[in-house]
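Reviewing the structure listed below.
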Amino acid sequence: MKKSNGIIVLIAAILLIAGLGFMVVFGVGSEKTGAAEGIKLGLDLAGGVSITYQVEGDDPSSEDMSDTIYKLQKRVENYSTEAQVYQEGSDRINIEIPGVSDANAILADLGKPGSLYFVSQNNPEGEPNYTIGMNADGTAGYVLAKSIEELDAEGSVVLMGTDVKAAQAKGSSNDMGNTEYVVELTLTDEGSKKFADATTIAAITHEVIFIVYDGAIYSAPTVNEAITGGQAYITNIGGYQEAEDLASTIRIGGLKLTLSELRSNVVGAQLGSEAIQTSIKAGIIGFAIVILFMIAVYFIPGLASSIALCLYIVFMMVCLNFFDITLTLPGVAGIILSVGMAVDANVIIFARIREEIAEGKTVSSAIKIGFQKALSAIIDGNVTTLIAALVLGIMGTGAIKGFAQTLALGIILSMITAVFITKLILNAFYAIGLKDEKFYGKAKEKKQINFLSKRFIFIAISLVVIVGGFVAMGVNKANGKGSLNYSLEFLGGTSTNVTFNEDMTIEQLDADVVPKIEAITGDANVQTQKVAGKNEVIFKTRTLSVDEREQFNQVMTEQFGVDESKITAETISSTVSTEMKRSAIIAVLIATICMLLYIWFRFKDLRFGASSVLALCHDVLVVLAFYAIARVSVGSTFIACMLTIVGYSINATIVIFDRVRESLREMKNKDSLEDVVNKSINQTLTRSIFTSLTTLIMVVVLYILGVTSIKEFALPLMVGILCGAYSSVCLAGAIWYMLKTKIVKKA
């Protein structure tokens with residue numbers, strides 16, 4: 001690269017950071033809304049709409065309530081992956097949707113659940129069940145001639161919404177190459193039989209079957225042939241959104257219970273503005289420390305990576321806005337992990353450059369060769385984590401999906417910035433005259449540590465900690481405390497509405513009210529939501545006993561002057577449903593299998609994959625032991641914390657195994673396998689320490705500055721980062737060595 005080109009690259013990078021940074025903060029155009037302002041925030045960070053439905057009729061069964069909650073969860077995920085649906089009392093369902101503020105619009109879109117019917121064109125006597133009339137929007141169309149009750153009594157109702165198991169919008173190319181949109185219906189066994197009978201009759205004269213929702217004809221597809229397989233397709237739909245709307249209507253209308261709106265509110269953030277502000281401040285401080293650390297340790301390469309990392313951050317903000325991703329605390333965890341991986345990629349590259357300079361290469365050659373040699377470790381580490389993120393994003397729900405989205409986006413951006421932008425900027429610095437090797441550093445000879453000789457000590461320490469965790473869980477359970485300190489997200493709890501005499505800010509509530517509630521519950525996991533436009537505040541806690549409810553009421557009346565008649569409490573179910581837990585476990589298992597297969601494919605040896613997975617399991621079990629022993633609250637952030645550790649652990653292990661693979665290719669006859677493994681671990685030791693340190697800095701600052709709920713998220717994450725570094729250095733290579741020497745390939 002010429003000097004003039006180097007100057008242009010550096011100026012362009014600085015202008016790009018400034019320009020995109022201005023867009024992120026201030027935006028462009030008349031509204032002046034920056035990309036950061038446009039990012040959707042979850043209930044924990046920004047609040048949203050809370051809607052409570054009451055079940056009509058007799059007390060519903062637990063099975064019907066569970067089925068209804070699950071189907072509603074699938075429906076509201078169209079608004080946000082972070083939407084929550086949970087049971088309140090015995091016959092109420094609460095829906096919380098983040099990032100929206102118009103409850104009426106949501107209610108209108110959701111409609112009245114439990115009122116979907118499929119009606120034949122004519123009754124059994126051949127008389128039409130419809131007339132041509134005016135729709136609500138003023139257009140002419142089909143209108144039912146009778147009430148649903150009359151149609152059902154005479155046998156014209158073909159199917160009810162409960163006969164539909166699933167409805168999904170799909171698109172496919174036809175023979176002409178054009179995209180056609182359909183709605184695929186999957187029917188229950190009983191529904192399949194009823195629909196087969198009805199469509200066999202209707203197909204003779206190509207009659208329509210009306211899809212009736214809320215008493216109005218929503219769609220009128222024509223029956224061209226008998227549908228006997230339990231699957232039906234509604235065709236001739238104008239576009240994907242129209243197909244998705246129809247599928248959503250069928251899904252919401254397929255509920256077993258009929259619901260009516262009880263109340264709807266706009267609620268504030270659960271964490272409060274103080275938590276958000278301190279988190280942003282912690283992120284800025286932590287990021288600044290990381291940049292100073294990189295420059296102090298790596299000189300010019302550190303400065304180049306700092307510029308690239310600044311670009312990474314502004315790219316991340318723009319993409320979060322562009323892809324309409326809802327950002328929550330678990331999503332923040334995904335960003336922290338991807339920042340760590342971005343730093344990690346740079347550390348791997350710079351270590352390689354220093355090694356090449358130490359071998360006598362020129363700085364120019366060292367930069368070129370360093371990037372080439374680091375590429376395989378960066379690609380394998382990032383792709384392995386990306387596989388996990390994609391599986392979790394496809395199969396996960398709620399917080400898991402939000403975490404996966406931000407992590408996947410972060411991994412892709414971090415790879416681009418590390419491999420391309422850092423290289424471009426580093427070459428630009430070299431081109432403008434910074435060519436002396438003192439600006440880049442030189443790898444020094446270090447005393448080799450024999451890690452493998454201590455492998456049994458490391459394994460024994462790990463086993464003691466893991467077994468200690470299981471013992472702690474058993475003791476806790478025997479004492480009636482529960483094996484883990486599950487929070488209301490997992491166990492459910494009590495939702496208490498309090499109407500204060502004045503408008504209390506979240507800061508006032510966090511400072512004055514919440515500590516007194518925590519003193520009653522003995523649990524730091526208290527969620528607070530303000531109802532917009534009212535003095536009403538919703539406090540969600542673990543399940544309160546009768547005595548604790550009385551203490552709660554006493555504190556509110558005596559210390560805050562609240563009228564006791566304006567305090568109402570309801571038992572709420574867990575927001576992390578059984579289906580969500582099951583999907584999370586299945587997603588993690590499938591992601592682990594996919595990572596194992598990828599590592600096997602890339603390293604041509606299943607033992608590399610098995611060792612990586614065993615080290616990963618070790619980290620998860622150690623952090624689980626920490627949760628059990630320290631009694632840290634296990635809430636929605638627990639899932640994000642565990643997933644972060646999985647991604648972090650596998651990436652750290654891959655870097656070491658990449659060196660082992662390279663060393664095996666260069667292995668001489670005099671070298672033993674133990675020497676090769678020890679050498680590989682020592683060569684990557686600096687990387688392991690520095691990457692863990694930079695990621696740890698971000699989380700430690702978050703812990704120091706954060707409020708209670710943030711601390712309960714950051715503390716286990718710190719343990720996981722340290723544990724991931726320990727397992728990758730002390731255990732992963734040792735496990736591979738033992739598998740390699742004990743399970744020898746046959747000739």
Subtracting the Cα-Cα distance of Asn236 and Leu16 from 0.36 nm times their residue separation yields 74.5 nm
Plugging the Cβ-Cβ distance of Ala519 and Thr179 into 1/(1 + (r/R0)^6) at R0 = 51 Å yields, to the nearest 0.05, a FRET efficiency of 0.25
Cα convex hull volume per residue for the range 152-269, in Å³, equals 156
So Thr505 and Ile459, fully extended at 0.36 nm per residue minus their Cα-Cα distance, gain in nm 11.4 nm
In whole Hz, the Karplus estimates of ³J(HN,Hα) for the range 494-511 (6.51, -1.76, 1.60; θ = phi - 60°; x where Gly or Pro) are 10, 9, 10, 8, 10, 9, 7, 7, 9, 7, 8, 7, 4, 5, 5, 5, 5, 7
In Å, the Kirkwood hydrodynamic radius from C-alpha pairs for the range 397-452 sits at 15.3
Computed over the range 654-697, protein heavy atoms only, probe 1.4 angstrom, the accessible area per residue in square angstrom equals 42
Taking max minus min of the Cα coordinates of the range 556-644 on each principal axis, largest first, gives extents in Å of 71, 28, 15
Note: the range 678-723, point scatterers on Cα, Debye, no solvent; log10 I/I(0) at q = 0.17, 0.33 Å⁻¹ equals -0.52, -1.09
Toy charge model, Lys and Arg Cβ at +1, Asp and Glu Cβ at -1: the chain dipole around Cα centroid in debye, rounded to 20, equals 5820
Taking the square root of 5λ for each eigenvalue of the C-alpha gyration tensor of the range 341-403, the equivalent ellipsoid has semi-axes, largest first and in whole angstrom, of 35, 9, 6
Note to self: C-alpha centroids of the range 592-624 and the range 147-219 sit apart, in Å, by 47
Taking every C-alpha to C-alpha distance in the range 301-398 and binning by 5 Å from 0, the per-bin percentages run 3, 11, 17, 20, 18, 12, 9, 6, 3, 1, 0
Contour minus Cα-Cα span, Val143 to Phe560, at 0.36 nm per residue, comes to 144.5 nm
Residues meeting the amide H criterion for Val562 (H placed from the backbone, H to H distance under 5 Å, 5 or more places apart or on another chain) are Thr557
Expressed to one decimal in nm², the mean projection of the alpha carbon convex hull of the chain is 40.6
Rounded to one decimal in nm, the spacing of the 7 Å Cα→Cβ label points at Ile629 and Ser90 is 4.5
Filtered hits (aspartates and glutamates, Cα-Cα < 13 Å from Lys444, offset >= 8 within chain) -> Glu355, Glu356, Glu359
With a ≥ b ≥ c from the Cα gyration tensor eigenvalues, square-rooted, and the rule rounded for a/c under 1.5, otherwise prolate when a/b > b/c and oblate otherwise, the range 405-560 is oblate
Listed by chain and number, the residues whose amide H is under 5 Å from that of Asn122, excluding neighbours fewer than 5 places away on the same chain and using placed H, are Asn129
The value for the range 329-456 (convex hull of the alpha-carbon atoms, volume per residue, Å³) is 140
Expected sort for 407-415, 367-375, 637-645, 201-209 on mean C-beta neighbours within 10 Å, highest first, is 637-645, 407-415, 367-375, 201-209
Result: in the range 506-626 the number of Lys pairs with C-alpha under 17 Å apart, spaced 8 or more or on different chains, is 5
Restricting to aspartates and glutamates and to Cα separations under 18 Å from Lys2, and discarding same-chain partners fewer than 8 apart, the set is Asp436
The chain: relative contact order from alpha carbon pairs under 8 Å, six or more residues apart, as a whole percent, is 16
Once the dipole of the range 195-269 is set up from charges on Cβ (+1 Lys and Arg, -1 Asp and Glu), the residue from the list Thr205, Thr235, Thr258 lying farthest towards its positive end is Thr258
Partner lysines whose C-alpha sits under 30 Å from that of Lys146, ignoring same-chain residues fewer than 8 away, are Lys71, Lys112, Lys165, Lys193, Lys194, Lys256
Long-range amide H partners of Tyr218, meaning residues 5 or more apart or on another chain whose placed amide H is closer than 5 Å, are Ile211, Val212, Tyr213
Percent relative contact order for the range 643-747, counting Cα pairs under 8 Å at least six residues apart, stands at 40
In terms of the charge dipole of the chain, which places +1 on Lys and Arg and -1 on Asp and Glu at the beta carbon, the residue among Gly57, Gln683, Tyr142 farthest towards the positive end is Gln683
Quick calc of log₁₀ I(q)/I(0), the range 635-695, Debye, one scatterer on every Cα, no solvent, q values 0.13, 0.14 1/Å, result -0.46, -0.51
Expressed to two decimals, the range 618-745 has a Cα Rg over Rh, using the Kirkwood radius, of 1.08
Once normalised by the length of the range 495-640, the mean sequence separation of its alpha carbon contacts under 8 Å that are 6 or more apart gives a contact order in percent of 23
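The values are calculated or read from the model by the stated rules, or taken from the named source; none is laboratory data. Because the structure is predicted, anything quoted here is derived from the model rather than measured. Heads up, the Cβs are rebuilt from the backbone with ideal geometry, glycines too, and the neighbour counts pull from every protein chain shown. With ligands, DNA and RNA removed, areas are computed over all heavy atoms of the protein, side chains included. Shrake-Rupley method; radii C 1.70, N 1.55, O 1.52, S 1.80 Å.
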